[in-house]
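Laboratory data are not the source of any read-out in this text; all were calculated from the coordinates shown. Every value quoted in this text rests on a predicted model; they were computed, and no experiment measured them. Positions of Cβ are generated from backbone atoms using ideal geometry, with glycine treated the same way; all protein chains shown enter the neighbour counts.
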Ligand code: UTP
């Protein structure tokens, strides 16, 4: 123990984190054990990736060919048939990304449980399961649905889906798994505590969906051996088509390693990731990265007009050749509650960083990508805030315009 403690102390000293143990003497024996094992588990190399990932990134961006909505319309029957065939033969699984904390929405439960209805219950999960049921009905077969949850929200999601009887989907095909966490820091990279014996942790971003799925052990049995594609979707876009046969068909027929649903940007400064090529590779440049690059005149975005909506298809075999450690880690400014002097502080302003991997960065690791255009009015109503842009209000307006009775 002494030896372990000395090793741990030197490590904390080297990493500039000795502030964490200032209160060590106030802890009881068992509390000390708990705390020290939490400290021993910190992966400092992950945090380093947050500092260095973008330092030497090269930007040579150019437009990428888009599979336009008109093209998809013209080939609808063929695309649908190919997509439904893949679903029917067990090649496709859906992954619903529900591990986020939804801080902007300010809802105390996982976002999928948020009720967007006005005169009747319309929880966000219901929109996704309606699409999943419809594809299963057309294919004549149920297919696997993985729901990635956060540690804090997992039990609530499971209870909620069970209480709603999976919105009509066959529960034997639905599995939840919990995504990994990463420690949070202040703006100087100093780790924050969430209690006397625990570190402030947050989900490690939606880019960890595959590594967390592998870690969960769900893929290790033979049950999902036939799955070749994952349709990875954000939970908070209530208009998008999850497990869309046309999108699946178009991606599979194209031979690409991944497909990304894209929309034409409403304005150059719309806050969605830009799809393009970077040094010849398919890539997504996040909007906050783009703001900086444009300010520094480091890129020219002429002819690049489409952005992603977080609805992807990833080829399993290619994902298995993409170690999680290759992904960049983003430092995202957030309000992070922390423990100090015997109490929890809930900051009113952003006070530190969360460390997240993003699904958008997976696109650049793929050798090829089919950007598949969908129409904004038909597939893009994100619920990020209560009011204003990308909000409950704007999503309700779009749902009404699309014919939904709220
Ligand atoms: P956002 O980036 O909008 O994050 O997630 P969020 O947590 O929902 O909301 P804010 O930023 O705190 O307000 C886009 C999608 O990725 C999922 C979210 O659940 C949402 O479906 N996500 C995000 C995860 O699954 N895990 C994460 O760690 C982060």
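Quickly estimate the mean residue ellipticity at 222 nm for the chain, helices only: each DSSP H run with n ≥ 4 gives -39500 (n - 2.57), and the total goes over all residues, rounded to 500. Don't jump to the answer; show the numbers that get you there.
On the way: 14 runs with 131 residues, N = 406.
Taking each H run of at least 4 residues, the total per residue is -9000 deg cm²/dmol.
Using Cα-Cα distances under 8 Å and only pairs 6 or more residues apart, what relative contact order does the chain have, in percent? Could the numbers behind the result be given before it?
Working: 764 pairs, mean separation 94.9, N = 406.
After rounding, I find 23 percent.
Taking N as the number of residues in the stretch 93-200, what is its alpha-carbon radius of gyration divided by 2.2 N^0.38 Å?
Working: Rg = 16.7 Å, N = 108, 2.2 N^0.38 = 13.0 Å.
That ratio works out to 1.28.
Considering the Cα trace of the stretch 320-406, what is its radius of gyration and what is Dmax, both in angstroms?
Final numbers for Rg and Dmax: 19.2, 54 Å.
Taking the beta-carbon count within 10 Å as an exposure proxy, list 215, 358 from fewest neighbours to most. Write out the running numbers ahead of the final one.
Working: 215 15, 358 20.
Neighbour counts put them in this order, fewest first: 215, 358.
What is the packing order of peptides 347-357, 274-284, 237-247, taking the mean over residues of other C-beta atoms within 10 Å and listing the highest first? Before the final figure, lay out the partial values.
Details: 347-357: 18.3, 274-284: 19.9, 237-247: 23.9.
Highest-to-lowest ranking by the protection proxy: 237-247, 274-284, 347-357.
Please state the shape class of the chain: rounded when a/c is under 1.5, otherwise prolate if a/b exceeds b/c and oblate if not, all from the C-alpha gyration tensor.
It comes out prolate by the Cα gyration axes.
Tell me, how many Å apart are the Cα centres for the stretch 12-88 and for the stretch 343-406?
Cα centres, the stretch 12-88 to the stretch 343-406: 17 Å.
Rg over Rh of the stretch 187-254, using C-alpha atoms and the Kirkwood radius, what does it come to?
Numbers: Rg = 18.1 Å, Rh = 16.0 Å.
Over the Cα atoms of the stretch 187-254, Rg/Rh equals 1.13.
In percent, how large is the relative contact order of the stretch 286-406, given Cα pairs closer than 8 Å and 6 or more residues apart? Walk me through the numbers before you get to the answer.
On the way: 91 pairs, mean separation 18.3, N = 121.
Once divided by the residue count of the stretch 286-406, the mean separation gives 15 percent.
Pull out a ≥ b ≥ c, the square roots of the eigenvalues of the alpha-carbon gyration tensor of the stretch 241-356, then state rounded if a/c is under 1.5, prolate if not and a/b is larger than b/c, and oblate in the remaining case. Please list the in-between numbers first.
Working: a/c = 2.15, a/b = 1.54, b/c = 1.40.
Verdict is prolate for the stretch 241-356.
Compute the separation of the alpha-carbon centres of the stretch 212-261 and the stretch 139-194 and state it in Å as a whole number.
16
From Cα coordinates alone, what are the radius of gyration and Dmax values for the stretch 1-145 in angstrom?
Values for the stretch 1-145 (Cα only, Rg and Dmax): 25.6, 71 Å.
Top mean-square fluctuation among 149, 103, 135, Gaussian network model of the chain, C-alpha springs under 10 Å?
Highest fluctuation among the options: 103.
Can you compute the radius of gyration and Dmax for the stretch 1-57, using only the Cα atoms, both in Å?
13.8, 47
What relative contact order, as a whole-number percentage, does the stretch 152-260 give when Cα pairs under 8 Å and 6 or more residues apart are counted? Spell out each step's value before the answer.
Numbers: 62 pairs, mean separation 17.2, N = 109.
In percent, rounded to a whole number, it is 16.
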